[in-house]
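The values are calculated or read from the model by the stated rules, or taken from the named source; none is laboratory data. Every value quoted in this text rests on a predicted model; they were computed, and no experiment measured them. Positions of Cβ are generated from backbone atoms using ideal geometry, with glycine treated the same way; all protein chains shown enter the neighbour counts.
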């Protein structure tokens, strides 16, 4: 059960003392935070996922066929919660994209005790930056780390890998509380687009080496990362507007 689900459950439970639950204003603020904080990161992730589809047409076609088999042929029928969980290949594509291009490429942690790291003493209370982007491309943990390969996230591959080598939503008790919401949002957005369009490389951005970005608190794409959209044969003119 997620943090927000716990809040809502306690808010509605008449057996929980009122002084132990959040006020209505605080509850609304928490929910707005979960939704709004994830907007910038998922926006970047969605854009790069579409680039990965453009650069890997065979994988794109396999994802499209999976979407059709799970969601049906009508692109105007919205996916259900359970259907989104059945999009296994799309899930692996998203995870592999976040490995190569994590929307939050750096995280910070404070040392609770003095520790030794590679011969250096880190005093208690030190704030340390962890380079997630570097971990995700470290050949010690990933074979051909710069290659796009969604099969890295097959259950058999994931089971034999140290979980702390993949950190797009951080890890531990301070991990991203919006990770499940973000995955659902990305699967909904990408599946909606792929049901209507083929994704093709743009005029300037033709391969993974052409993707331009910069690091800040989050990853930000730079101008020039273009793609092209070609309507699929089953897309009517009235379908070209994505539903609200």
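Within the range 70-82, being over 17 Å from the mean Cα position of the chain (by Cα), touching a residue at least 12 places away in the same chain (Cβ under 8 Å) and surrounded by fewer than 17 Cβ atoms within 10 Å (Cβ to Cβ) holds for 73, 76, 78. Note on the range 4-46: among residues that are closer than 21 Å to residue 187 by Cβ and modelled with pLDDT under 75, the one that is nearest to the chain's Cα centre (by Cα) is 38. Residues in the range 127-144 that are in contact (Cβ under 8 Å) with a residue 12 or more places away in the chain and exposed (fewer than 13 other Cβ atoms within 10 Å of the Cβ): 127, 128, 129, 138.
Among the residues of the range 163-178, not a single one is surrounded by fewer than 10 Cβ atoms within 10 Å (Cβ to Cβ), in contact with a helix residue (DSSP H, G or I) (Cβ under 9 Å, 6 or more places away or on another chain) and modelled with pLDDT of 90 or more. Restricting attention to the range 203-212, the residues being within 13 Å of residue 229 (Cα to Cα) and crowded, with 16+ Cβ neighbours inside 10 Å number 0.
Within the range 213-234, being exposed (fewer than 12 other Cβ atoms within 10 Å of the Cβ), more than 26 Å from residue 145 (Cβ to Cβ) and touching a strand residue (DSSP E or B) at 6+ places or on another chain (Cβ under 8 Å) holds for one residue alone: 230. Take the conditions (1) assigned to a helix (DSSP H, G or I); (2) out of contact with any helix residue (DSSP H, G or I) (no Cβ under 7 Å at 6 or more places or on another chain); (3) within 16 Å of residue 157 (Cα to Cα); residue 140 misses just one of them, which is (1). Condition check for residue 147 on (1) touching a residue at least 24 places away in the same chain (Cβ under 8 Å); (2) part of a loop (DSSP other than H, G, I, E, B); (3) within 22 Å of residue 47 (Cβ to Cβ): one failure, at (1).
With respect to the conditions (1) surrounded by fewer than 20 Cβ atoms within 10 Å (Cβ to Cβ); (2) farther than 21 Å from residue 31 by Cβ, residue 197 falls short on a single one, namely (1).
Please specify each residue of the range 150-175 satisfying the condition of being in a loop (DSSP other than H, G, I, E, B), without any contact (Cβ under 8 Å) to a residue 12 or more places away in the chain and under 21 Å from residue 131 (Cα atoms). Matches in the range 150-175: 171, 175.
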